[in-house]
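Take a look at the structure below.
The values are calculated or read from the model by the stated rules, or taken from the named source; none is laboratory data. All of these numbers come straight from a predicted model, not from anything done at the bench. Because the Cβ atoms are built from the backbone with ideal geometry, glycine has one as well, and the counts that use them run over all protein chains shown.
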Amino acid sequence: MPPVSTDPVVATAYADLGDDEQAEALRPVAVAAAEEFGLDVVRLEVLLHSYNTTFDVGTADGGRYAMRVNTNSQSTGPEVLAQQAWQLAIAAETPVTVPVPRVTRDGDWCARRFSQALGREVLVTCASWLEGDDVGEPDPDQAHALGRAMAHLHIHAARWVMPRGGTMPVFDDPLFGDEDRLTGAPGLDEEQHEVLRRAHERAVDAFGHTVSAGPLVPLHADLHGGNLKWHEGRLAVFDFDDCGIGAPALDLAISTFYLRGDGSDAVESALRAGYAEVAPLPDVGPEAFEALVASRQLLLGNDLLGSTTAGLRERSGDYLVTTVDRLRHWLETGRFTRALPGG
């Protein structure tokens, strides 16, 4: 492995680039990784530069693949092994449509490449292409399909055996084990910091209750419209980068967080109805469930404060204030929503 650069100029230069420039700076990594995956590339286009960076890869034999450079992801090699192995098992053993992971020429689930732009090594994964548009904001039919898919994933996860050498993080706290950047974050007054403190305390308590009650199984932990495809009336699930071990109620709460944006209960009801058609809904009280929903806001606010992606970093200050406002409303009303009155 090439030595990791300690030159601050390298990191500073990347941080000062715009989103498009950052993505292009990662192209050499994608080109080198594609060779490791045995792909004869004729087209390589930036698909998305956000939390991580995904390239749309076309090959000489007419193949199409999604290749992701893990720019912000904290996943380790053993965690990628577990993520990809679970995806492969889901594709083979469940009715849930997922991308099929590709291994390198050496049989590894990821390529390890040194990025001159970032000044460090990054992990790169590759998987088959999924047809269809991203779901974005689900309608009731899509939410119903998501509920069914989630339940199938939980049933499969309960019997799936982690491969040797693989591991997943355990989600037993609201920040998923990440560094706490919210406490003492600049730009907030004393009252705003108190809101964050109280919200975190409530969320920690909810995690404690749900984790101790069990069972704990592998979760996708990021089932929202940006990680879902809809093609010819069928749902597909992708982006397993955030998966880990946790209570099934947490998966349901995370998806619910993203449905609480338009003030309508119809889509959320469809999600729960779809789940209940396949398996009993997770046994969690309404107060604890709302705390799990709200905990997603804590996690996202914390994540943006540490992002290297230009667009996300620029929004982190404003989003921190939004985080406080949403959490304050939850603490005052008992129900979390992203659609604040008058907002």
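Before moving on, here are some points about what is shown:
- Tabulated pairs, the stretch 104-121, first part of a strand (DSSP E or B), second of a type in the set (Val, Ile, Thr) and surrounded by 16 or more Cβ atoms within 10 Å (Cβ to Cβ), C-beta under 7 angstrom, 6+ apart or interchain: Ala111/Thr104; Ala111/Val124; Arg113/Val29; Arg113/Val122; Arg113/Val124; Ser115/Val29; Ser115/Val122
Results for (1) out of contact with any helix residue (DSSP H, G or I) (no Cβ under 7 Å at 6 or more places or on another chain); (2) under 12 Å from Ala253 (Cα atoms); (3) in a helix (DSSP H, G or I); (4) touching a residue at least 40 places away in the same chain (Cβ under 8 Å), shown as yes or no for each residue.
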residue: Arg296; (1), (2), (3), (4): no, yes, yes, yes
residue: Asp303; (1), (2), (3), (4): yes, no, yes, yes
residue: Glu314; (1), (2), (3), (4): yes, no, yes, no
residue: Leu320; (1), (2), (3), (4): no, no, yes, yes
residue: His329; (1), (2), (3), (4): yes, no, yes, no
residue: Arg338; (1), (2), (3), (4): no, no, no, yes
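- Among (1) of a type outside the set (S, T, N, Q); (2) modelled with pLDDT of 95 or more; (3) closer than 28 Å to Ala145 by Cβ, the one test that Leu48 misses: (2)
- Selected residue [crowded, with 20+ Cβ neighbours inside 10 Å, assigned by TED's automatic domain parsing to the domain that holds Ile254 and either of a type in the set (Val, Ile, Thr) or more than 20 Å from the chain's Cα centre (by Cα) (or both)] from Ala157, Ala213, Ala221, Ala206: Ala206
- Residue count for the stretch 296-338, restricted to those that are under 17 Å from Thr256 (Cα atoms) and in contact with a Lys or Arg (Cβ under 7 Å, 6 or more places away or on another chain): 5.
- Considering the conditions (1) among the polar types (S, T, N, Q); (2) in a helix (DSSP H, G or I); (3) modelled with pLDDT of 95 or more, Gln22 is excluded by exactly one of them, (3).
- Per the conditions (1) out of contact with any helix residue (DSSP H, G or I) (no Cβ under 7 Å at 6 or more places or on another chain); (2) more than 27 Å from Leu216 (Cβ to Cβ); (3) not polar (S, T, N, Q), the sole criterion not satisfied by Val324 is (1).
- Failed item, numbered, when Gly62 is tested on (1) more than 23 Å from the chain's Cα centre (by Cα); (2) touching a residue at least 24 places away in the same chain (Cβ under 8 Å): (2)
- Scan of the stretch 26-55 for residues that are crowded, with 18+ Cβ neighbours inside 10 Å and part of a helix (DSSP H, G or I), ordered by number: Val29, Ala30, Ala33, Ala34, Glu36
- Asp178 meets the conditions (1) free of Cβ contacts under 8 Å to residues at least 24 places away in the same chain; (2) among the acidic types (Asp, Glu); (3) assigned to a loop (DSSP other than H, G, I, E, B) in every case but one. The failed one is (1).
- So Phe257, is it within 16 Å of the chain's Cα centre (by Cα), in a loop (DSSP other than H, G, I, E, B) and modelled with pLDDT of 95 or more: no
- One residue stands out among those in the stretch 263-294 that are modelled with pLDDT of 95 or more, part of a loop (DSSP other than H, G, I, E, B) and not hydrophobic (A, V, I, L, M, F, W, C): the one that is surrounded by the most Cβ atoms within 10 Å (Cβ to Cβ), which is Pro282.
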